[in-house]
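Following: one structure in C-alpha cells, then a few remarks.
The values are calculated or read from the model by the stated rules, or taken from the named source; none is laboratory data. No experiment lies behind these values; they were computed from the predicted model shown. Positions of Cβ are generated from backbone atoms using ideal geometry, with glycine treated the same way; all protein chains shown enter the neighbour counts. In case anyone asks, the SASA skips ligands and DNA or RNA and just uses the protein heavy atoms, side chains included. Shrake-Rupley method; radii C 1.70, N 1.55, O 1.52, S 1.80 Å.
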Amino acid sequence: MPDGTINQGQLLKPPVDISQLPFIEGGTAPVQLAEESPKWRYLILSGNECAADCEQLLYTSRQVHIRLGEKATRVERLLVTTAPLGDEFQQMLQRDHPRLRVVQLPEASLLQLQRQSAHEGIADTRVLLVDQQGFAMMAYDNHHSGNQLLKDIKRLLKYSYEK
C-alpha cells in the first residue's frame, strides 16, 4: 500500500454524500443531483453572500473549467448560497461565469455540509470536488492554485468513465 497520495486537494474522510441535499435553483425549482446525468462537480460554498474569497474561488474554478477544453462538458460548477443573490451580482455572474449554476441550500443544511467537509487548514469558503455518484471527496480553498485543481480533475477524468 502506498504511504502517501498525489492529490493536491485535501481528501475528505469519509466522503460526504450530497446527492440528497435539498438544493433549489431559480428560487423554487428543486434540484435532484442524483437524477441528473453523472458529472464531476465543483461546489463553491459561500453562505448567504459571495464575498472576496468566494469571488476568487469562482475565478479559479472558471479558469480550470476553461483549461479542461473538450473535457469541460464532464464537469459542472455550482455556487451554493443560502439566499438568492442580488440582481447586480447575478448579472455579473451571467456575464463572467456563463456556465455556472447558482443553487440555494437551507442554512441548516449548508452548515451541516460545512461541518462534514471541514478539514484542518481549509477555510470556511471552500470548493468541494464531488464525484459522479454525488460524494464530496476533496476540499480546496484559496490556498490552492488553479493548477492544483486542474491536476486533480484531469487525473480523475482520465480514470473515470463517461456515460
**Prompt:** Within region 16-42, can you find the residues that are part of a strand (DSSP E or B) and within 14 Å of the chain's Cα centre (by Cα)?
**Reply:** VAL16, ASP17, PHE23, TRP40, ARG41, TYR42
**Prompt:** Across region 43-67, what is the total count of residues that are among the hydrophobic types (A, V, I, L, M, F, W, C), assigned to a helix (DSSP H, G or I) and in contact (Cβ under 8 Å) with a residue 24 or more places away in the chain?
**Reply:** 4
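Only one of these is touching a helix residue (DSSP H, G or I) at 6+ places or on another chain (Cβ under 8 Å), modelled with pLDDT under 90 and open to solvent by less than 60 Å² (accessible area, probe 1.4 Å): GLY47, GLY4, GLY86. Name it. Full working, then the answer.
Details: GLY4 fails: touching a helix residue (DSSP H, G or I) at 6+ places or on another chain (Cβ under 8 Å); GLY86 fails: touching a helix residue (DSSP H, G or I) at 6+ places or on another chain (Cβ under 8 Å).
Criteria check complete, one pass: GLY47.
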**Complete:** The correct count of residues that are aliphatic (A, V, I, L, M), under 19 Å from TYR159 (Cβ atoms) and either touching a residue at least 40 places away in the same chain (Cβ under 8 Å) or outside any helix (DSSP H, G or I) (or both) in region 68-89 is 2
**Message:** Anything in region 115-141 that is modelled with pLDDT under 90 and either part of a loop (DSSP other than H, G, I, E, B) or open to solvent by 20 Å² or more (accessible area, probe 1.4 Å) (or both)? List them, or say none.
**Reply:** ARG115, GLN116, SER117, ALA118, HIS119, GLU120, GLY121, ILE122, ALA123, ASP124, THR125, ASP141
**Asked** What single numbered condition from (1) open to solvent by 40 Å² or more (accessible area, probe 1.4 Å); (2) under 14 Å from the mean Cα position of the chain (by Cα); (3) of a type in the set (Gly, Ala, Ser) fails to hold for GLY69?
**Response** (2)
